[in-house]
Amino acid sequence: MKTSASVVTLTTDFGLADPYVGQMKATLCGLAPTTPIVDLCHELPSHDIRSAAFVLESSFPYTPANSVHLCVVDPGVGGDRDVLAASCRGHRFLAPDNGALDRVVARHPIDAWIRVDADRWRLEQVATTFDGRDLFAPLAAQLLNGVTIEALGTAAALPTPDRPQPLLPGEQRSVEIVWVDRFGNLVVDLHRDQLKDGAPESLVVQSGDVQISGLRRDYQAPDGRPFAVIGSSGYLEIACRERSAATTLGRGVGDSINVARPGSASTKGS
């Protein structure tokens, strides 16, 4: 069976009004000219590492397993923060050591975790404040051209972020909003895989004075009334038909809502 071609994905907070994304892509085209470039997102809120981590973790599984993923949301660029390289089931990741890879680590098995020798791989220095172009793009090209991830630096201790736990019947939990899309839908850090036991459609969501009971299977809800649905990324979403749930509920990334599963928790030996 023919191996799928690699791609390189880009996730940044650069926006599209400036030439920064174009300069990164131009560098990649010069160093790895046959590799397709996939723009995952460049309109992340400035410096929003939490949102970057969500976009990266929820998107990379749709790419070929030998791809390279660049995540450059880097408030500390030019400082003493490290650069990390990681591999997971054939995927390679490059990001600042600022939490951008935490969701990948928490939800997927990591095969290698490398602290990059940045001085070795950086392009001849033009600036100290654009590592996306001068360091991350060249690192990606090295991986795409056959350099092993271990050769980029030295092995480092893998962080241990909290792993997602199931929400069982009879339990409730305060859950963080990790993304707000352009429609104002609130994506909550609760994946459908955490709702496998029991009947997930019985969820009760509380946001301030607003209570939402049950899960819809689509977005065909009454106008203006918040509802809950498992979105295309597999995560719980709070939405309002043809309105912004973020505006309606006054919630955003980093805020929490309460999610409960009615029912009786199972007891061993009962």
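Some points to look at:
- Condition broken by Val21, with the remaining ones in (1) touching a Cys at 6+ places or on another chain (Cβ under 7 Å); (2) among the β-branched types (Val, Ile, Thr); (3) more than 27 Å from Thr154 (Cα to Cα) satisfied: (1)
- Residue in the range 166-189 that is surrounded by 14 or more Cβ atoms within 10 Å (Cβ to Cβ), part of a loop (DSSP other than H, G, I, E, B), more than 25 Å from the chain's Cα centre (by Cα) and among the aliphatic types (A, V, I, L, M) present: no
- Residues of the range 104-118 satisfying the condition of being in contact with a Gly (Cβ under 8 Å, 6 or more places away or on another chain) and part of a loop (DSSP other than H, G, I, E, B): Asp117
- Among residues of the range 56-77 that are in contact (Cβ under 8 Å) with a residue 24 or more places away in the chain and surrounded by fewer than 16 Cβ atoms within 10 Å (Cβ to Cβ), those with a Cβ under 7 angstrom from a residue that is part of a loop (DSSP other than H, G, I, E, B) and not small (Gly, Ala, Ser), sequence gap 6+ or separate chain, pair up as Pro64/Val7; Ala65/Arg89; Pro75/His47.
- Candidate set from the range 83-103 (those that are touching a helix residue (DSSP H, G or I) at 6+ places or on another chain (Cβ under 8 Å) and part of a loop (DSSP other than H, G, I, E, B)); member that is surrounded by the fewest Cβ atoms within 10 Å (Cβ to Cβ): Gly99
- Residue match in the range 204-216 (condition: within 24 Å of Ala53 (Cα to Cα), in a loop (DSSP other than H, G, I, E, B) and of a type outside the set (D, E, K, R)): no
- Residues satisfying the stated conditions in the range 119-137, i.e. outside any helix (DSSP H, G or I) and surrounded by 17 or more Cβ atoms within 10 Å (Cβ to Cβ): Arg122, Phe130
Coordinate-derived values only; no laboratory data. Being a predicted model, the structure only gives us computed values, none of them experimental. Note that each Cβ is placed from the backbone with ideal geometry, even for glycine, and that neighbours are counted across all protein chains shown.
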